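Accompanying notes for the structure given below.
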Amino acid sequence: MDEWESPDYEPSLPVSEKSNPFTRDIDRASPSGIVGMLEACDAQMFRQDRGTNYQRLFDEQVVTTLTEVAKRVELILKDPQDSLVVLSGCGTSGRLAFFMASRFNEALKQLNRTLVYSYIIAGGDSALLSSQEAPEDDPELGMLSLQKVCEAKKKVLFIGVSCGLSAPFVAGQLDFCLQHPEVYTPVLLGFNPTHQARDEPIPGCIFTFHSVAQRLQELSQRRKAFLINPAVGPEAISGSSRMKGGSATKIVLEVVLSAAHAAAFSHKSVASECILQHMREYERAVEVTYQQKEGIAAVVEAAGRSLLNEGSVCYLGWGPMAILGLIDASECNPTFGADYTDIRGFIRGGYKDLNNNEGPLSSLGPEFCIGHEDFLQHVLPGLADKDTVLLIYSQSDDLHEVLNLGRRVREKTPNLHAVHHRTDSDSAETPQQISINELCSSTLDFLWCGSTPATGNFLHQWELSTKLVLNAVSTGAHILKGKVYRNHMIDLQVTNSKLYRRATRLLQTLSGRAESECEEALLKAIYGADKLMKDIISSDITAHTQVARNAKKVRRRFR
Ligand code: S6P
């Protein structure tokens, strides 16, 4: 049993908010020490139950539920008329909802089939690329956006993702589904046991996330709703669900949707063995990724040096892996208080390749300029030695393009690195590949051997592997910059109720004072006041987070 699984370990916290014993000293670790700790944390995702009460990814019950949900998706794929599969979430969960919906719609397009996937992200498409934490607290907004997407639909499979089983936005959507069972079948995906779902009252609602999850659990006995909530262990940085939570979300959704596609279009019936086999492929992908621990550490070190010297880190990506770069970069603001210029992502064809619902968003500001063209025009001219650039590509991308872009970057900074994926059927390096490697000070060259019986190609593994590398780079670099204390994020804006609670807890952990005293100190810092007036004390968390949203830095007011 891992230490965190003991009932005495941080008993008041759900798994997703506990601090991981493996990473207690991550703030003092070397780059390779950091990557080693991340490896240990990621391996926990696939750990089998050893006599604890936690349900795990490979447990029979979880696999059975995944199989059932895949069958529901299969039915919609076979009869798509007036039907929809909606994926929804906030922050990283919403970004992954977008990623999955796009990827699987793309697969349908290639087969000339009706597109059945839609995504919802709290805060709309701008939240795909920037931090929009406030809409997460709004259950009505969640419900209304679901209603809008599903207008005139007669059958909807709704998959709400909330890693912490906590987002009111998703709770509002699930509650709406429960009220309209003739149309909606709700599925909740998260990584806490149901009893740890958030039970804090939601202003204006008679339900909490916990009560909604309980109702889902009851209905799941009759297969009228589904709950997928295995524990994957605490995050490497406490509460940073973009890491394992995001990876496990990607794994679960891909396993379910791939099985459904195979059943609908290749006449392979959905079977739990296939689901298990597919999940094991991800386990292997994680192992293969960390076999290059030292290489990852070298990029972490370079990126950390850049941030420490006020330089920037740019991910220049191709295809879907570039989207993972955009996602990783967008998460640095809420997690580390980073500026959008600290770590930025760029995708080859910009919004044409992103293919989001709302189309180009560049008019919203420079942080929304995401194409390689934008990089060449606005970033490259100012690029210098202190900056790090990471090329992210695979054998299926245009290597001429990668080489050309690499050459232009290399004229400005020697700090050029690459993440590259290829299969053993393509093991001979091409002349362009050799030239790209020569340009780079380090290359993470992932060679994927064997075959993938579950999906027939390695794309999903490449993507997960890239996600892990990028999470390691951005997290590691910010740790080296000093943005993490022990394993806690310490430069976060208190922009929603979850973060408000987390900030109060952090003060408690660090000061050892009572909760009420810490909340008072937090409020004094948010309002910049030495004394709390009655109107502040009587306001609710929504009001506090609205004020905190505009604060540049929360000042220290502990005496
Ligand atoms: C976490 C990230 C957040 C979360 C968001 C949704 O690393 O910064 O934006 O994704 O708060 O969380 P959850 O628990 O509902 O998936």
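Note down all Cβ pairs under 6 Å where the first residue falls in region 129-155 and is farther than 15 Å from G204 by Cα and among the small types (G, A, S), the second is away from the ligand (no atom under 11 Å from the Cβ) and open to solvent by less than 40 Å² (accessible area, probe 1.4 Å), and they're at least six residues apart or on different chains.
Taking only residues 6 or more apart or on different chains, the pairs are S145/I120.
Does L227 fit the bill of being out of contact with any Lys or Arg (no Cβ under 9 Å at 6 or more places or on another chain), part of a strand (DSSP E or B), within 14 Å of T67 (Cα to Cα) and more than 12 Å from the ligand (Cβ to nearest atom)? Show your work before the answer.
Details: out of contact with any Lys or Arg (no Cβ under 9 Å at 6 or more places or on another chain): yes; part of a strand (DSSP E or B): yes; within 14 Å of T67 (Cα to Cα): yes; more than 12 Å from the ligand (Cβ to nearest atom): yes.
The answer is yes for L227.
Counting just the residues of region 367-396 that are of a type in the set (S, T, N, Q) and not in a strand (DSSP E or B), which one comes out farthest from E429 (Cα to Cα)? Outline the logic, then answer.
Of region 367-396, the ones of a type in the set (S, T, N, Q) are 377, 388, 394-396.
Next cut, not in a strand (DSSP E or B) only: 377, 395-396.
Working: Q377: 31, Q395: 10, S396: 13 Å.
Among them, the one singled out is Q377.
Somewhere in region 505-515, is a residue within 16 Å of the ligand (Cβ to nearest atom), under 24 Å from P168 (Cβ atoms) and charged (D, E, K, R)?
Yes, the conditions are met somewhere in region 505-515.
Of V313, V270, V256, which residue is away from the ligand (no atom under 16 Å from the Cβ), β-branched (V, I, T) and either more than 30 Å from Q48 (Cβ to Cβ) or open to solvent by 20 Å² or more (accessible area, probe 1.4 Å) (or both)? Step through it out loud before you land on a result.
Details: V270 fails: either more than 30 Å from Q48 (Cβ to Cβ) or open to solvent by 20 Å² or more (accessible area, probe 1.4 Å) (or both); V256 fails: either more than 30 Å from Q48 (Cβ to Cβ) or open to solvent by 20 Å² or more (accessible area, probe 1.4 Å) (or both).
Every option except V313 fails the conditions.
Would you confirm whether or not region 179-189 contains a residue that is free of Cβ contacts under 8 Å to residues at least 40 places away in the same chain, within 15 Å of the ligand (Cβ to nearest atom) and either over 18 Å from V85 (Cβ atoms) or outside any helix (DSSP H, G or I) (or both)? If you could, list the steps in order and put the result at the bottom.
Within region 179-189, the subset free of Cβ contacts under 8 Å to residues at least 40 places away in the same chain is 179-180, 182-184.
Among the residues that remain, those that are also within 15 Å of the ligand (Cβ to nearest atom) are: none.
No: zero hits.
Could you look through region 192-217, keep only residues that are in contact with a strand residue (DSSP E or B) (Cβ under 9 Å, 6 or more places away or on another chain) and either modelled with pLDDT under 95 or open to solvent by 10 Å² or more (accessible area, probe 1.4 Å) (or both), and pick out the one that is nearest to L146 (Cα to Cα)?
Q217
Quick check on I526: is it surrounded by fewer than 14 Cβ atoms within 10 Å (Cβ to Cβ), without any contact (Cβ under 8 Å) to a residue 40 or more places away in the chain and not assigned by the TED database to the domain that holds A329?
Taking the combined requirement at face value, the residue does not satisfy it.
Give the residue, chosen from T466, T475, that is more than 16 Å from the ligand (Cβ to nearest atom), under 22 Å from the mean Cα position of the chain (by Cα), open to solvent by less than 70 Å² (accessible area, probe 1.4 Å) and modelled with pLDDT of 95 or more.
Values: T475 fails: more than 16 Å from the ligand (Cβ to nearest atom).
Selected residue: T466, the only one of T466, T475 that is more than 16 Å from the ligand (Cβ to nearest atom), under 22 Å from the mean Cα position of the chain (by Cα), open to solvent by less than 70 Å² (accessible area, probe 1.4 Å) and modelled with pLDDT of 95 or more.
Is one or more of the residues making up region 326-338 small (G, A, S), outside the structural domain of D125 (by the TED database) and touching a strand residue (DSSP E or B) at 6+ places or on another chain (Cβ under 8 Å)? It would help to see each step written out before you state the result.
At the first step, the residues of region 326-338 found to be small (G, A, S) are 329-330, 337-338.
Pick out the ones that are also outside the structural domain of D125 (by the TED database) and you get 329-330, 337-338.
If we keep only those that are touching a strand residue (DSSP E or B) at 6+ places or on another chain (Cβ under 8 Å) too, we end up with 329-330.
Yes; the residues of region 326-338 include at least one that is small (G, A, S), outside the structural domain of D125 (by the TED database) and touching a strand residue (DSSP E or B) at 6+ places or on another chain (Cβ under 8 Å).
Test each condition in (1) surrounded by fewer than 19 Cβ atoms within 10 Å (Cβ to Cβ); (2) under 16 Å from I392 (Cα atoms) for S425 and report the one that comes out false.
Every listed condition holds for S425 apart from (2).
Filter region 140-165 down to the residues that are within 13 Å of the ligand (Cβ to nearest atom) and closer than 14 Å to P186 by Cβ and list them by number. Reasoning before the result, please.
Initially, region 140-165 is screened for residues within 13 Å of the ligand (Cβ to nearest atom), giving 142, 159-165.
G142, I159, G160, V161, S162, L165, listed by residue number.
Looking at region 122-136, is at least one residue near the ligand (Cβ under 10 Å from one of its atoms), assigned to a strand (DSSP E or B) and within 13 Å of the chain's Cα centre (by Cα)?
No: zero hits.
Is it fair to say A248 is assigned to a loop (DSSP other than H, G, I, E, B), buried (at least 24 other Cβ atoms within 10 Å of the Cβ) and within 17 Å of the chain's Cα centre (by Cα)? Explain how you work it out, then say what you get.
Details: assigned to a loop (DSSP other than H, G, I, E, B): no; buried (at least 24 other Cβ atoms within 10 Å of the Cβ): yes; within 17 Å of the chain's Cα centre (by Cα): yes.
No, not satisfied.
Quick one: count up the residues across region 353-366 that are assigned to a helix (DSSP H, G or I) and under 20 Å from C314 (Cβ atoms).
Here is the first cut: in region 353-366, the residues assigned to a helix (DSSP H, G or I) are 353-354, 362-364, 366.
Then drop every residue that is not under 20 Å from C314 (Cβ atoms), which leaves 353-354, 362, 364, 366.
Within region 353-366, residues that are assigned to a helix (DSSP H, G or I) and under 20 Å from C314 (Cβ atoms) number 5.
For the structure I just gave you, tell me whether Q81 is surrounded by fewer than 16 Cβ atoms within 10 Å (Cβ to Cβ) and away from the ligand (no atom under 16 Å from the Cβ). Full working, then the answer.
On the way: surrounded by fewer than 16 Cβ atoms within 10 Å (Cβ to Cβ): yes; away from the ligand (no atom under 16 Å from the Cβ): yes.
Taking the combined requirement at face value, the residue satisfies it.
The values are calculated or read from the model by the stated rules, or taken from the named source; none is laboratory data. Note that the structure is predicted; figures quoted are calculated from it, not measured. Every residue, glycine among them, receives a Cβ derived from its backbone with ideal geometry; neighbour counts consider all protein chains shown. The area values use the complete protein model at the heavy-atom level, side chains included, leaving out ligands, DNA and RNA. Shrake-Rupley method; radii C 1.70, N 1.55, O 1.52, S 1.80 Å.
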